[in-house]
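Each remark here refers to the structure printed beneath this line.
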Ligand SMILES: N[C@@H](CCC(=O)N[C@@H](CS)C(=O)NCC(=O)O)C(=O)O
């Protein structure tokens, strides 16, 4: 999500990838704050986070990073246009509630996409969080059909919202943070489910192919370099 914002704003950046078990130690070294707390109350350090070398500021959490970049670099286009702050925040909040049902379908795929130290960390931490191993998280049989319907309904709701817009994006012709939220989430789905999976293809075709067109038009902001 932050990558989309940085590319949109054409701000130069360098990406540093870390293994999950190294995040806390590295963040402490560079004085990047924790974004939240773990279920046991101890601090949780999360990616993405940024270090702005110009101002020597460390910022964590996608939303806060976007706010920071808009404020700090006013000559670049705003991801959250002035006056839309509350609506963008409300959209972001509502979006996560809406797409909640997709997590049991995607999380079990994650360990296979990671290097061994991160895969082990992910398995352990998420099993503790959900109270069962990730392999048991994905719904099966009839339940899977029912639960997948909830995912489809989430896209139908998003489609309904977007259909009220006068343009292809949530704010009409202008691309904003809300669009990056959806595009970055679609990217995550594509990586986890696989581009050839039945589920991904279904989403791409749903709502008259709207999500495929939406995804295609925002891929230009997904580049890993700018
Ligand atoms: N609210 C944060 C959430 C970020 C987040 O949860 N990141 C996960 C990876 S997807 C993480 O870094 N988790 C660290 C851990 O599980 O130790 C944001 O939007 O940036």
- Ascending count of other beta-carbon atoms within 10 Å, so fewest first, for 171, 204: 171, 204
- Message: If R₀ is 45 angstrom, what is the calculated FRET efficiency for the pair residue 220 and residue 136, using the beta carbon separation as r and rounding to 0.05?
- Response: 0.70
- For the chain, built as a Gaussian network whose Cα springs stay under 10 Å, the top-fluctuating residue of 177, 130, 27: 130
- Message: In whole Å, what are the extents of segment 59-101 along the principal axes defined by its C-alpha atoms, from largest to smallest?
- Response: 38, 23, 13
- Task: For segment 48-127, just say rounded, prolate or oblate: build the C-alpha gyration tensor, square-root its eigenvalues into a ≥ b ≥ c, call rounded for a/c under 1.5, and beyond that prolate if a/b exceeds b/c, oblate if not.
- Result: oblate
- Task: Just check segment 160-226 against the gyration tensor rule for me: Cα atoms, a ≥ b ≥ c as the square roots of the eigenvalues, rounded for a/c under 1.5, and otherwise prolate or oblate depending on whether a/b exceeds b/c.
- Result: oblate
- Message: Per DSSP helix of 4 or more residues, -39500 (n - 2.57); summed, then divided by the residues of the chain. What does that give at 222 nm, rounded to the nearest 500?
- Response: -17500 deg cm²/dmol
- Message: Would you work out the Kirkwood radius for segment 1-85? I mean one over the mean of 1/r across all pairs of different Cα atoms, in Å.
- Response: 13.8
- Message: Once each part is reduced to its C-alpha centroid, what is the distance from segment 10-28 to segment 101-166 in angstrom?
- Response: 24
- Task: In square nanometres and to one decimal, what's the mean projected area of the convex hull around the Cα atoms of the chain?
- Result: 13.2
- Which length gain, in nm to one decimal place, applies between residue 87 and residue 206 when the Cα-Cα distance is subtracted from 0.36 nm times their residue separation? 40.3 nm
- Message: Using only the alpha carbons of segment 94-226, what is the convex hull's orientation-averaged projected area in square nanometres?
- Response: 9.3
- Item | Listed residues 179, 52, 61, most fluctuating in the chain (Gaussian network, C-alpha, under 10 Å) | 52
- Task: Report the full-extension gain for the segment residue 51 to residue 173: residue separation times 0.36 nm, less the Cα-Cα distance, to one decimal in nm.
- Result: 40.8 nm
- Note on the structure: Here the FRET efficiency for residue 36 versus residue 127, based on Cβ atoms and R0 = 25 Å and rounded to 0.05, is 0.85
- Message: Running a GNM on the chain with Cα contacts under 10 Å, which residue among 129, 92, 121 ends up with the highest mean-square fluctuation?
- Response: 129
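We did not get these values from a lab; they are worked out from the coordinates using the rules stated. Since the model is a prediction, treat every value here as computed from it, not as a measurement. FYI the Cβ positions are ideal-geometry reconstructions off the backbone, even for glycines, and counts take in every protein chain you see.
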